[in-house]
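Engineer: The structure under discussion is supplied below as structure tokens; questions concerning it will follow.
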Amino acid sequence: MTSFIAVDWGTSNRRAFRIEDGQVVASERDDRGAASVAAADYPAEVAGIRQRLGDLPMLLAGMVGSNIGWRSVTYVAAPAGLADVAAALDWVDDRTAIVPGLSYRDGVHADVMRGEEVQLLGAVAAGLVPAEALLCQPGTHCKWATVERGAITRFTTAMTGELFALLRTHGVLARQLGHPVEPGAAFLAGVAEGAKRDLAASLFAIRARGVLGLADDADAASFASGLLIGADTAARIESGTTVHILADPALGALYAGAIDALGGTSHAIDSQAAFVAGITRIKDLAA
């Protein structure tokens, strides 16, 4: 039986899994993300995870390998598949390794990811998506990745979620954006406008419509979210494009609504199953 611990270590949160023969048998989630852990504290954090989930080999993915994590690990340049990622593991000791993440350059365009590559490539390894596909992983920084022959060949990161969070907490629109985001008519109206109009002007128009009594502020957050997601989606797809979405159900539903409204076809993918498949394959390739 092959047993190990995998940690998806994000900026704000982390998830740890005890995996046996490719199946999760125990897990935990907490708010000990990379932003809240000092570099000197990682050995104790790793020891604590082993104490709770088992004294096993461990693979760490995500921001743990960034300049705000345990130590900065060199990216693997795209195009890259799981074998390339496994070959570039950064070994802290003989039982603990950090997954490197991916970089992409195309002329003046440059991009990076840490952690998302495990899910994106894991989705292919698990047969959840075809070997040739467009994948979307929404979040604070939304990733759009093209997979060809099982490898990520290019990708783009959009700060869609972060922009919405900033608008909601700072600036002139903050008072209007306190209501929950719902994937209804207001959201879809925002998607349609965000896909074709000046985004900055459309955002300010939220204030103007509220001041003039032309729109209900209860719909403002949904409309603003639609604007941002619509602009993001319209920049990535054409009518008829199929997109595989790896996200939690609520956020995934928003992106699915935008993709479908703009003439694409969306498919929801189990992001945890994709991560487990990807990290297990990396472990097997590194053995």
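Engineer: Quick one: grab Rg to one decimal and Dmax as a whole number for the stretch 228-287, Cα atoms only, in Å.
Structural biologist: Over the stretch 228-287's Cα set, Rg and Dmax evaluate to 14.4, 45 Å.
Engineer: Which whole number of Å³ per residue matches the convex hull of the alpha-carbon atoms in the stretch 179-269?
Structural biologist: That works out to 79 Å³ per residue.
Engineer: Can you give the helix-only mean residue ellipticity at 222 nm for the chain, where every DSSP H stretch with n ≥ 4 adds -39500 (n - 2.57) and the sum goes over all residues, rounded to the nearest 500 deg cm²/dmol?
Structural biologist: It lands at -11500 deg cm²/dmol.
Engineer: Could you tell me the convex hull volume per residue, in Å³, taken over the Cα atoms of the stretch 102-153?
Structural biologist: Given the Cα convex hull of the stretch 102-153, per-residue volume reads 74 Å³.
Engineer: Counting alpha carbon pairs within less than 8 Å and at least 6 residues apart, what relative contact order, in whole percent, applies to the chain?
Structural biologist: For the chain, the relative contact order is 17 percent.
Engineer: Still on this structure: Compute the signed sum of charges (Lys and Arg +1, Asp and Glu -1) over the other residues within less than 14 Å, Cβ to Cβ, of residue 71.
Structural biologist: Around residue 71, the surrounding residues sum to -3.
Engineer: Kindly list the residues of the stretch 263-286 that lie in the label zone of residue 87, defined by a backbone N under 18 Å from the point 7 Å along the Cα-to-C-beta vector.
Structural biologist: 281-286
Engineer: Still on this structure: Of all the Cα-Cα pairs you can form in the stretch 87-234, what percent are over 24 Å apart?
Structural biologist: In whole percent, the share of Cα-Cα pairs in the stretch 87-234 beyond 24 Å is 46.
Engineer: Taking 0.36 nm per intervening residue step and subtracting the Cα-Cα distance, what contour gain separates residue 68 from residue 153 on full extension?
Structural biologist: Answer, rounded to one decimal: 28.0 nm.
Engineer: Then there's this: Have a look at the DSSP beta bridges in the stretch 1-157 and tell me what percent are antiparallel, nearest 5.
Structural biologist: Details: 34 of 44 bridges.
Percentage antiparallel, nearest 5: 75.
Engineer: Further question on the same structure: Taking 7 Å along the Cα-to-C-beta vector as the label spot, tell me the residue 211-residue 250 distance in nanometres, rounded to one decimal.
Structural biologist: With each label point 7 Å from Cα toward Cβ, the separation is 3.1 nm.
Engineer: Also, I was wondering about something else. For a quick protection proxy, order the peptides 220-226, 156-162, 8-14 by their average other-Cβ count within 10 Å, most packed first.
Structural biologist: Top to bottom by mean Cβ count within 10 Å: 220-226, 8-14, 156-162.
Engineer: Run the numbers on the stretch 99-231 and let me know its relative contact order in percent, using alpha-carbon pairs under 8 Å that are six or more apart.
Structural biologist: Here the relative contact order equals 19 percent.
Engineer: For the stretch 97-108, what does the Karplus curve 6.51 cos²θ - 1.76 cosθ + 1.60, with θ = phi - 60°, yield as ³J(HN,Hα) per residue in whole Hz, taken in order and with x for Gly and Pro?
Structural biologist: Those phi angles translate into 9, 10, 6, x, x, 10, 10, 9, 9, 8, x, 7 Hz.
Engineer: Write down, largest first, the equivalent ellipsoid semi-axes of the chain in whole Å, where each equals the square root of 5 times an eigenvalue of the alpha-carbon gyration tensor.
Structural biologist: The equivalent ellipsoid of the chain has semi-axes of 36, 21, 16 Å.
Read-outs throughout are calculated quantities, based only on the coordinates presented, and are distinct from any laboratory measurement. Keep in mind that this is a model prediction, so the values were computed, not measured. FYI the Cβ positions are ideal-geometry reconstructions off the backbone, even for glycines, and counts take in every protein chain you see.
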